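Quick notes on the structure that follows.
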Amino acid sequence: MDFSLSVEEREVRDWVRTFVQRELVPLEQEVLRRERAGRPGLTRDELTELQLKAKRSGFWGVQTPEEYGGMGLSAVLTALLEVELGRSFVPFQFGGSADNILFHANAEQRERYLLPTIAGERRSCFAITEPGAGSDAKAIRTTARKDGADWVINGEKTFITGGNEADFAMVFAITDPEKGADGGVTCFLVDRDMGWRSEYIDTMGEWGPASLIFEDVRVPERQILGELGQGFALAMQWIGRGRYLLPARAIGACERLLGMAIEHANTRETFGAPIASRQAIQWMIADCGVEIEALRWLVLHAAWQVDSGMDSRHAQSVAKLYGGVKANEIVDRVLQIHGGMGYTRELPIERWYRELRLLRIYEGTDEIQRRTIARNLLKGHVKVGGGLG
Ligand SMILES: Cc1cc2nc3c(=O)[nH]c(=O)nc-3n(C[C@H](O)[C@H](O)[C@H](O)COP(=O)(O)OP(=O)(O)OC[C@H]3O[C@@H](n4cnc5c(N)ncnc54)[C@H](O)[C@@H]3O)c2cc1C
């Protein structure tokens, strides 16, 4: 078993690490200042400028297939890259990508949605969650009723990331109530100017998702993404696209936080000695170090399964659950090591504290990951000790 990185993996990782240090870290104070004034950390133009800067070095469309002008990187490389991006809280993503399910677009939709999204000219959002259906996504009630050649959509979606900024939504609606999720849910591409509206939801995080309201929104048949009735499978494909990438980013954040904790522990003195000399502090630092290492291997193992074409769902759930729980414990310890300063807004710890909390909720809560993991073990889908295949 060889745990070392290839030359290519090392080069990609080092380039992104330098990019984060040079381009993102210097923006952090300004981003904090703006966010605390209730504004976005980066404007759209600033984000685009950073993305184009990265593009000039070839970093564009990280997982986008090469025939679409992307890098088509492996899951392992993408995870390594997310770790590096996680070292800064500046809200940055490389440009040149589109939701995985948009690649199901037909030739006409490809021109109107897929290619402009990859080019950064259009923005999408993924809308399945509703006020009455989150973990239990099959309980959605938004309907699309056939009326002549069109479909008429009614319902409300909630907590939709990017829903305020998107100019089109991938909306999941019931087209056959008899069949429900099993062949009766369809995904529609719905432009904002077809008649839906969004309302900002204020959260404890820095970016607010949105509610999307559909009142008799009429869309032509050609707006169906994929096949009629096959929407639920598409939704699951979107959610399962890269669950390992969420905890990957958290690794970077946790490493940066642990670095801050170590520096503070070595310099802050109480009762005549640095707090680093106290076992209570040492144990917190040791636990953070161990858990970050464990998380790294869970994430890379899940990514390796993706690259190997194995069924990676179990490994991804394990990494997501462990990452959510441990990242929250780690940021809490780091805050504790900083004492009162950790609680202030002078340091970014409280920002990470709020941001990392989301990891335990979206794209499958901790409880839903445990449910999946338990089911796999209890039903024998996954053999105890069979993780390496
Ligand atoms: C900031 C943010 C961004 C989001 N972005 C999107 C997006 O872009 N698109 C989108 O469609 N959705 C999005 N979501 C929605 C997100 O996926 C849901 O919030 C999540 O799936 C949980 O659903 P819920 O909030 O309805 O909680 P519920 O499903 O009501 O769950 C409430 C609690 O009960 C627990 N629970 C539920 N069922 C069980 C069970 N069977 N056994 C044990 N415990 C259970 C849950 O774990 C949770 O603790 C986002 C949410 C947030 C907060």
Filter the range 135-161 down to the residues that are over 19 Å from Leu228 (Cα atoms) and free of Cβ contacts under 8 Å to residues at least 40 places away in the same chain and list them by number. Asp136
Verdict on Tyr343 being within 12 Å of the ligand (Cβ to nearest atom) and either closer than 24 Å to Ile128 by Cα or out of contact with any strand residue (DSSP E or B) (no Cβ under 7 Å at 6 or more places or on another chain) (or both): no
Look at Ile281 and say whether it is of a type in the set (Val, Ile, Thr) and farther than 28 Å from Val76 by Cα. yes
Please specify each residue of the range 257-271 satisfying the condition of being open to solvent by less than 70 Å² (accessible area, probe 1.4 Å) and over 17 Å from Val290 (Cβ atoms). Met260, His264, Thr270
Looking at the range 198-224 only, could you name the residues that are assigned to a strand (DSSP E or B), under 22 Å from Gln109 (Cα atoms) and more than 15 Å from the ligand (Cβ to nearest atom)? Val217, Arg218, Val219, Pro220, Ile224
Does the range 148-171 contain any residue that is among the charged types (D, E, K, R), away from the ligand (no atom under 16 Å from the Cβ) and under 24 Å from Ala105 (Cα atoms)? yes
Number of the condition not met by Pro348 [criteria: (1) crowded, with 21+ Cβ neighbours inside 10 Å; (2) within 24 Å of Gly208 (Cα to Cα); (3) more than 14 Å from the ligand (Cβ to nearest atom)]: (1)
Within the range 374-389, the residues that are surrounded by 13 or more Cβ atoms within 10 Å (Cβ to Cβ) and either assigned to a loop (DSSP other than H, G, I, E, B) or modelled with pLDDT under 95 (or both) are Val382, Gly387
Checking Ala235 against (1) in a helix (DSSP H, G or I); (2) at pLDDT below 95, only one condition comes out false. Which one? (2)
From Arg249, Arg243, residue being buried (at least 18 other Cβ atoms within 10 Å of the Cβ), within 30 Å of Ile128 (Cα to Cα) and modelled with pLDDT under 95: Arg243
Only one residue in Val12, Val20 is within 22 Å of the chain's Cα centre (by Cα), open to solvent by less than 40 Å² (accessible area, probe 1.4 Å) and at pLDDT 95 or above, so which one is that? Val20
If we keep only residues of the range 99-133 that are part of a loop (DSSP other than H, G, I, E, B) and in contact with a strand residue (DSSP E or B) (Cβ under 7 Å, 6 or more places away or on another chain), then the residue farthest from the ligand (Cβ to nearest atom) is Ala105
Looking at the range 145-159, is at least one residue outside any strand (DSSP E or B) and surrounded by 14 or more Cβ atoms within 10 Å (Cβ to Cβ)? no
Which of the residues spanning the range 64-98 are closer than 29 Å to Gly205 by Cβ, assigned to a loop (DSSP other than H, G, I, E, B) and among the polar types (S, T, N, Q)? Thr64, Ser88, Gln93, Ser97
If the requirement is being part of a helix (DSSP H, G or I), within 23 Å of Thr129 (Cα to Cα), open to solvent by 40 Å² or more (accessible area, probe 1.4 Å) and touching a residue at least 60 places away in the same chain (Cβ under 8 Å), which of these qualifies: Arg296, Arg357, Arg371? Arg357
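The values are calculated or read from the model by the stated rules, or taken from the named source; none is laboratory data. Model, not experiment: these values are computed from the prediction. When we count neighbours, we look across all protein chains shown, and the Cβ atoms used for this are built from the backbone with ideal geometry, even at glycine. We work out accessible area using only protein heavy atoms, side chains counted, and drop any ligands, DNA or RNA first. Shrake-Rupley method; radii C 1.70, N 1.55, O 1.52, S 1.80 Å.
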